[in-house]
Structure formats: C-alpha cells, structure tokens
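To start, the structure itself, in structure tokens.
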Amino acid sequence: MEHRLVTHLEKALGWDGPGSVGTAFARGHLTDPELPARLLTPHKLLDLIKRRHLANPQLRCYAAGDEVHPSTFLSTNVNRRRQAVSQADMAALGRILNEGGTVVLDHVDFFDSTLEVACRALGWWSGELASANAYLAVGETDGFHLHWDDHEVIAVQVSGEKSWEVRGPSRPAPMYRDADRNRTPSEGVLWKGTMQAGDVMHIPRGYWHTATRLGSGSGGHSLHVTFGFTKRTGVTWANFLSDAARADEAFRHDLESPQQTPHEDLSEKLAALAASYSPERYLDELRANTPPSRHMPYVAAFGQPDAVVTVTEFAPCIIRSGDTVEVRGGGKRLTFHERAETGLRALLSGHPVHLDGAPEDITTLADLLIAEGLCEPLTEVSSSGYTGLVTPVTYSNQPLTSA
C-alpha cells in the first residue's frame with residue numbers, strides 16, 4: 001500500500017524504509033502543507049468524542065500537569081431501555097480546555113476512517129501493529145511530566161504548537177514488564193524546541209520526553225497525533241516458545257513427577273523448539289496469522305459492492321508455485337489457480353479497488369476475499385479515509401491499471 005502519509009514521513013525524517021524505527025531520535029517537517037489537517041483537526045476530534053460512548057482511560061483530561069478525575073468530564077446517561085451508557089460531558093470538556101487543559105483520546109483510529117487507514121498503512125510499512133492517540137491542549141497549560149514510553153512513537157503536529165524536551169534513555173531497551181523500574185531520567189538533552197504544524201518527530205522506546213504549552217500564550221492551542229508501534233522483542237519470542245511448548249506432553253508434567261522427562265532432555269527439546277521456530281519464522285507467522293481487528297461483512301442480499309479494499313493488519317503474502325497461487329494473511333491460507341494472480345495482487349494491494357467495469361472473475365474473487373475476511377466493501381465513510389491519500393485501482397476494457 002502506497003500511502004501519502006508514509007511517503008512524506010520517510011522524506012521528513014530522512015528514512016529509507018521502516019528500518020530506522022526505534023533506532024534513533026529524528027525530527028523533520030512534512031513538505032505537504034495539506035496533510036496535517038487532512039489527518040485531524042480540533043473540531044473533528046471533538047466531534048468524534050461527542051458521538052461516541054467513551055470511558056476512562058481511553059478518554060482522559062489533564063490540568064496543570066495532573067489528571068482530572070473522570071467524574072468531572074464523563075457522564076452516565078440512561079437510555080429509554082434503562083441502559084446506562086458513559087459518554088463525554090461536552091460542556092465540561094469545553095471548560096477544561098478553556099481553562100488551559102488537555103484532552104487525550106487513545107486509539108482515535110478506532111473511530112476515524114482516515115486515521116484507521118493511516119495506521120493500517122503504517123502497519124503494512126513497518127510490519128508492526130500501529131495505533132493513534134490524539135492530544136488537544138488549549139492556552140497556557142503544562143503537559144505530561146518527564147516520562148518514557150514502552151513503544152516507538154512518531155508524533156505529528158497537526159495544528160498549533162507545543163514545546164518539547166527529549167532526552168536519551170537511562171536504560172537500554174526498557175520494557176513495561178522489566179527487571180528494572182527505570183525511574184531515573186537521563187540527563188543529556190537531545191533536543192529542546194517547539195513543534196509547529198507539519199513538524200514530525202520520532203521518539204524511540206525508552207527515550208525520556210515531556211511536552212508543554214507554558215509560555216506559548218493563552219490564546220493558542222496544540223493538536224498532535226502520536227502513532228505508536230509496539231515492536232516484537234526477544235522476550236516476546238521467548239513467551240511464544242513457552243506457549244508453543246505446551247503442545248509437547250514432556251513440558252506439561254511437573255518437574256519432579258515420576259512421568260517427567262529428564263531435565264537434560266527438556267533442555268534439548270527446548271533448544272530444538274527454538275531452532276525450529278527462529279525469530280524470523282515467528283515474525284512471519286505472527287503477521288500472517290493475525291486476523292483483521294474488524295471488517296465489514298459481505299451480505300449477498302445487498303448486491304455487489306461498488307468497491308472493495310484489503311483490511312488485513314499486515315500485507316498479505318502472495319506466493320506463486322507452479323500453476324497455483326497461495327495467499328497467506330489475515331489468519332488465512334488460501335490456494336487459487338494461477339489465473340487469479342493478477343486479480344489477487346490488485347484486490348490485496350491495500351488500494352481501494354473499484355469494481356465498475358471489472359470482469360466477472362474479478363468480482364467473484366472479490367466476493368470470496370470478503371467472505372474470508374481479507375477484504376471488505378467500501379462505504380462512503382470508509383472510502384473517505386483513502387480519498388487523496390491512497391490511489392484507487394480501476395477497471396475498464398483496458399488492462400488493469402494502478403497509479
């Protein structure tokens with residue numbers, strides 16, 4: 001999938017592919033002036049919050065650097081069926097913002113098609129699951145205290161401005177569950193300055209940072225989106241091996257039971273398991289076996305969809321072998337005749353595919369991929385997440401083209 005955000009992030013950060021994610025602090029500026037507002041605006045964020053049932057901690061507020069109690073900005077309403085639902089008190093959110101506060105919405109990509117597609121594109125690009133959080137601050141407001149994250153972050157300033165301080169790590173590759181609490185900030189400051197609209201920044205896992213609007217003036221605001229990547233580690237692989245070992249009865253017995261395999265044999269079995277499931281194989285299978293987080297089903301009674309798009313978390317792998325083609329992705333392994341290869345590569349490209357003018361074998365293939373959960377019909381809302389950001393594929397009487 002070729003996504004406008006991914007292309008411009010690489011240019012801004014001076015990267016040639018995702019290999020630099022997590023390696024070093026980097027800063028830059030998007031050369032596309034329309035892109036930040038295309039991702040999100042303050043009013044759009046508040047509109048998303050207004051229309052959703054939300055709870056803490058997904059929706060959080062801060063004032064003077066401290067978290068505001070959820071009862072201040074969340075209300076419980078009872079609908080006509082006497083069902084209690086939690087939603088934002090928009091008047092309270094307005095007061096918090098107007099008095100110099102901050103509103104945070106985690107996983108905003110779950111509610112917004114543009115950010116959903118952007119996170120999918122970043123996942124295909126990086127090979128890691130990506131999610132987006134939005135931070136809206138108004139006036140003279142302090143930010144979060146100096147802290148580090150247990151995941152890689154790409155921050156995009158979409159409007160307004162905010163001042164940052166970024167320091168190096170005080171512990172190499174720290175983790176959320178770790179042998180050390182890692183509470184002492186490092187002293188070396190890598191960068192201190194103000195992010196303006198269009199500025200982007202990559203903060204690797206474990207790098208200490210803080211952001212504030214103190215001194216920026218009472219009449220301004222800041223809206224930035226952070227794209228988070230939780231990368232797989234050696235510990236993740238070791239945990240996988242631990243789960244895989246359950247398939248062997250020898251590992252399920254008590255260590256001191258009469259039925260237990262000799263300990264030296266267990267060591268050899270574990271070594272053999274690690275050799276058969278190398279980190280490379282583990283990552284490949286993890287990506288191929290991860291199902292889409294959600295997708296729109298195809299209901300035949302609704303008629304043929306006008307357009308479809310891939311919804312897998314990672315790019316499906318299409319392998320040609322003799323006169324067959326195998327598709328691995330989204331938790332599925334599907335085998336097709338070689339004649340389907342061209343259609344599969346278009347339909348599973350991550351680009352919206354408009355079916356008007358497509359031959360019957362392509363529409364039949366699209367229906368099958370929807371039924372298998374690898375693709376979904378495009379709606380007006382979901383299609384908007386691609387418009388101007390990902391070039392569509394179209395069919396006509398001419399050969400298939402993709403710009």
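State, as an integer percentage, the relative contact order of the chain based on alpha-carbon contacts under 8 Å between residues 6 or more apart. Intermediate results must be reported in sequence, preceding the final value.
Values: 777 pairs, mean separation 63.6, N = 403.
Relative contact order for the chain comes out at 16 percent.
Which cross-chain or sequence-distant (5 or more) residues have an amide H under 5 Å from the amide H of F314, H modelled 1.01 Å from N in plane?
Distant-sequence amide H within range of F314: G330.
What does the charge count around F111 come to, taking other residues whose C-beta lies under 14 Å from its C-beta (Lys +1, Arg +1, Asp -1, Glu -1)? Each step should come with its number before you reach the end.
Values: positive: K44, K50, R51, R52, R294; negative: D47, D106, D109, D112, E116.
Value of the local net charge: 0.
How do E128, E187 line up, fewest other C-beta atoms within 10 Å first?
Numbers: E128 22, E187 9.
Result, fewest neighbours first: E187, E128.
What is the P(r) of region 4-229, as percent of Cα-Cα pairs per 5 Å bin from 0?
1, 7, 14, 18, 19, 18, 12, 7, 3, 1, 0, 0
Taking a quarter of the surface of the convex hull around the Cα atoms of the chain, what do you get in nm²?
Details: hull surface 105.5 nm².
The directionally averaged projection comes out at 26.4 nm².
State, to one decimal in nm, how far the label point of H253 lies from the label point of D265, with both points 7 Å from Cα in the Cβ direction.
0.7 nm
For region 300-402, evaluate the Debye formula with one uniform point scatterer on each Cα (no solvent term) and list log10 I(q)/I(0) at q = 0.13, 0.22 Å⁻¹, rounded to two decimals.
These q points yield log10 I(q)/I(0) values of -0.43, -1.26.
Is the shape of region 174-317 best called rounded, prolate or oblate, per the rule: a/c under 1.5 gives rounded, else a/b larger than b/c gives prolate, else oblate, with a ≥ b ≥ c the square roots of the Cα gyration tensor eigenvalues?
Details: a/c = 3.37, a/b = 1.36, b/c = 2.47.
Taking the square roots of the gyration eigenvalues as a ≥ b ≥ c, region 174-317 is oblate.
Between the alpha-carbon centers of region 65-104 and region 304-365, tell me the distance in whole angstrom.
Each part's Cα centre sits 44 Å from the other's.
Where the only charges are on Cβ atoms (+1 Lys, Arg; -1 Asp, Glu), what is the dipole of region 4-229 about its Cα centre, to the nearest 20 debye? Intermediate values should be presented prior to the final figure.
Values: 23 positive and 25 negative charges, 134 e Å.
Taking the Cα centre of region 4-229 as origin, the dipole is about 640 debye.
Thinking of region 72-124 as a set of Cα atoms, what percent of all their pairs are more than 19 Å apart?
Numbers: 721 of 1378 pairs.
When every Cα pair of region 72-124 is considered, 52 percent fall beyond 19 Å.
Starting from 0.36 nm per residue, how many nanometres of slack lie between A371 and D47 once their C-alpha separation is accounted for? Mind showing how you got there, number by number?
Working: separation 324, 0.36 × 324 = 116.64 nm, distance 3.28 nm.
Length difference between fully extended and current span is 113.4 nm.
Can you sort C317, C375 by how many other beta carbons sit within 10 Å, fewest first?
Working: C317 14, C375 28.
Ascending number of Cβ neighbours within 10 Å: C317, C375.
Step through the residues of region 67-79 one at a time and calculate ³J(HN,Hα) from phi using the Karplus curve (6.51 cos²θ - 1.76 cosθ + 1.60, θ = phi - 60°), rounding each to whole Hz and writing x for Gly and Pro.
In residue order, the calculated couplings are 6, 8, 4, x, 5, 6, 10, 10, 10, 10, 10, 10, 7 Hz.
How fast does region 8-56 diffuse by Stokes-Einstein, in µm²/s, taking the Kirkwood radius from C-alpha pairs at 37 °C and 0.692 mPa s? Mind dumping the intermediate values first?
Numbers: Rh = 13.5 Å.
Translational diffusion coefficient: 243 µm²/s.
If one computes P(r) from the Cα atoms of region 234-286, what percent of pairs lie at distances over 13 Å? Working shown, then result.
Working: 821 of 1378 pairs.
Of all Cα-Cα distances in region 234-286, 60 percent exceed 13 Å.
We did not get these values from a lab; they are worked out from the coordinates using the rules stated. Everything numeric in this text was worked out from a predicted model, so none of it was measured. Glycine also receives a Cβ, built like all others from the backbone with ideal geometry; neighbour counts cover every protein chain displayed.
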